[in-house]
Amino acid sequence: MRWAFAEQNRLLPELCTPIATHDKNDWIKMMNDRKERIALLRKRAENKILILDGAMGTMIQKHTLTEDDYRGERFADWKQDVKGNNDLLSLTQPDIIKDIHLQYIAAGADLNGTNTFSATTIAQADYAMEDLAYEINFESAKIARAACDEWEAAHPGDVRFVNGAIGPTNRTASMSPDVNNPGFRAISFDQLRTAYKEAVNGLLDGGADTLLVETIFDTLNAKAALFAIDEVLEERGEDVPIMISGTITDASGRTLSGQTTEAFYNSVRHAKPFSIGLNCALGAAQLRPYVQELSRIAECRVSVYPNAGLPNEFGEYDQTDAEMAELVKEWADSGMINLLGGCCGTTPPHIKAIADAVGQSKPRPLPKIEPKMRLSGLEPFDAA
């Protein structure tokens, strides 16, 4: 529990400030409530295809916010521009973020991702806001929790869940950003691990039910996140579902760090995730063969949340909700998926169309995969 290991100096004291005034019993209750919700989530996953929400960034863009909107009163005199730091809006425009959550919940989203895609010290360094990383994660999870609780209060028994989003950061641990120095790395495993631990603690303290390591383009970054999650959960004495979602960057069918879908799965399956999946970069039509591959090899649930097609010449997404729903319904009818949602360009109408399209479909049964040693580099290697 956070109050316990804070006393043991496992975190910097200033990072513990947001919860220092909470009663010990409040945090025990929060942990117990989370256990109950997790049990319900697992049971629900046995009987239905769980619906993920859609793009937070797309919905934020619809508000056409100005630099002053991003700053709010608190950061009016900040030393550099902050427009584009969408995660900061959880502190400066919380009502907007909560309303977006409520729209996705009303559309049918079971799992609602926190506004924390870039809420690590590493990514926030672009805005000189590293010290806000814990607070952003904490407040973002609180906002999503409040939205879910508000919905349940108005619809008794219809529980919705907070999905703690953990983005890939803007650094890669596997590759050099300097073509003239291939051995150089802009970030280390331990730096990533430390940043991810802070983010994870913030999400859990704020009320997240699950943790989603998403849009993975570099598997080593993801392994640092998974290591950090494992450490945090051990310290807290909790067991929280972990969701993993990679991104196929182009028609080669590989992640940016070069792994095939099966090699990527072999690299992260040790985390025993609640689900493994793909998101971003491609639309549903382009993702289908990789979804099919994951469905064949994954011992856990399979999740997919594609973009609304491919971007046009203006970088915008034109695929309609009906077009997208038709594509993903075929996945459901083919028994390939357990969780569905949307990434870039998707909105509440997209999520509603998807939820309606697969509402009567059965989730993919978890297969029994033959036990064997499964290794990977860029390609998978399964022992005979």
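The values are calculated or read from the model by the stated rules, or taken from the named source; none is laboratory data. No experiment lies behind these values; they were computed from the predicted model shown. Cβ coordinates were reconstructed from backbone atoms using ideal geometry, including for glycine residues, and neighbour counts include every protein chain displayed. Heavy atoms of the whole protein, side chains included, go into the accessibility calculation; ligands, DNA and RNA do not. Shrake-Rupley method; radii C 1.70, N 1.55, O 1.52, S 1.80 Å.
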Practice item. Could you pull out the residue among ALA357, ALA332 that is open to solvent by 10 Å² or more (accessible area, probe 1.4 Å) and aliphatic (A, V, I, L, M)? Key: ALA357
Practice item. Determine whether region 161-171 contains at least one residue that is farther than 16 Å from ASN112 by Cα, over 15 Å from the mean Cα position of the chain (by Cα) and open to solvent by less than 20 Å² (accessible area, probe 1.4 Å). Key: no
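Being touching a residue at least 24 places away in the same chain (Cβ under 8 Å), surrounded by fewer than 24 Cβ atoms within 10 Å (Cβ to Cβ) and over 15 Å from the mean Cα position of the chain (by Cα) narrows it down to one of SER257, SER252, so name that one. So that I can check it myself, show each step before the final result.
Numbers: SER252 fails: touching a residue at least 24 places away in the same chain (Cβ under 8 Å).
Sole residue among the options that is touching a residue at least 24 places away in the same chain (Cβ under 8 Å), surrounded by fewer than 24 Cβ atoms within 10 Å (Cβ to Cβ) and over 15 Å from the mean Cα position of the chain (by Cα): SER257.
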Review point. LEU220 is checked against (1) open to solvent by 10 Å² or more (accessible area, probe 1.4 Å); (2) among the aliphatic types (A, V, I, L, M); (3) part of a strand (DSSP E or B); (4) closer than 21 Å to ALA195 by Cβ and fails just one. What number does that condition carry?
Key: (3)
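Quick one: in region 23-50, of everything that is of a type in the set (A, V, I, L, M) and part of a helix (DSSP H, G or I), which residue is nearest to PRO363 (Cα to Cα)? Give the steps one after another, and end with the answer.
So the first thing to find is which residues in region 23-50 are of a type in the set (A, V, I, L, M), and the list is 28, 30-31, 38-41, 45, 49-50.
The next check asks that each one be part of a helix (DSSP H, G or I); those that pass are 28, 30-31, 38-41, 45.
Numbers: ILE28: 33, MET30: 30, MET31: 28, ILE38: 18, ALA39: 17, LEU40: 16, LEU41: 14, ALA45: 8 Å.
Here the answer is ALA45.
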Check your understanding: Mind checking whether some residue in region 183-194 is under 23 Å from THR249 (Cβ atoms) and either open to solvent by less than 30 Å² (accessible area, probe 1.4 Å) or acidic (Asp, Glu) (or both)?
Key -> yes
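Being open to solvent by 90 Å² or more (accessible area, probe 1.4 Å) and either within 20 Å of the chain's Cα centre (by Cα) or in contact (Cβ under 8 Å) with a residue 40 or more places away in the chain (or both) is the filter here; which residues of region 25-44 pass it? Let's see the steps before the verdict.
Taking region 25-44 and keeping what is open to solvent by 90 Å² or more (accessible area, probe 1.4 Å), we get 25, 29, 35-36, 43.
LYS35, the sole residue that qualifies.
Yes or no: region 196-203 includes at least one residue that is among the aromatic types (Phe, Trp, Tyr) and outside any loop (DSSP other than H, G, I, E, B). Spell out the reasoning first.
If we filter region 196-203 for residues that are among the aromatic types (Phe, Trp, Tyr), which is where we start, we get 196.
Retained after the next criterion (residues that are outside any loop (DSSP other than H, G, I, E, B)): 196.
Scanning region 196-203, I find at least one residue that is among the aromatic types (Phe, Trp, Tyr) and outside any loop (DSSP other than H, G, I, E, B), so the answer is yes.
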Revision key, fill the gap. Given (1) open to solvent by 10 Å² or more (accessible area, probe 1.4 Å); (2) under 23 Å from ALA165 (Cα atoms), SER303 misses just (1)
Check your understanding: Quick check: anything in region 244-259 assigned to a helix (DSSP H, G or I) and among the small types (Gly, Ala, Ser)?
Key -> no
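Restricting to region 306-326, give me the number of residues that are of a type outside the set (S, T, N, Q) and crowded, with 20+ Cβ neighbours inside 10 Å.
Residues flagged as of a type outside the set (S, T, N, Q) and crowded, with 20+ Cβ neighbours inside 10 Å within region 306-326 amount to 7.
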**Study point:** Members of region 205-217 found to be open to solvent by less than 10 Å² (accessible area, probe 1.4 Å) and either free of Cβ contacts under 8 Å to residues at least 60 places away in the same chain or touching a strand residue (DSSP E or B) at 6+ places or on another chain (Cβ under 7 Å) (or both), listed by number
**Key:** GLY207, ALA208, ASP209, THR210, LEU211, VAL213, ILE216
Check your understanding: If a residue has to be of a type in the set (Phe, Trp, Tyr) and either in a loop (DSSP other than H, G, I, E, B) or open to solvent by 70 Å² or more (accessible area, probe 1.4 Å) (or both) to count, how many in region 57-103 make the cut?
Key -> 2
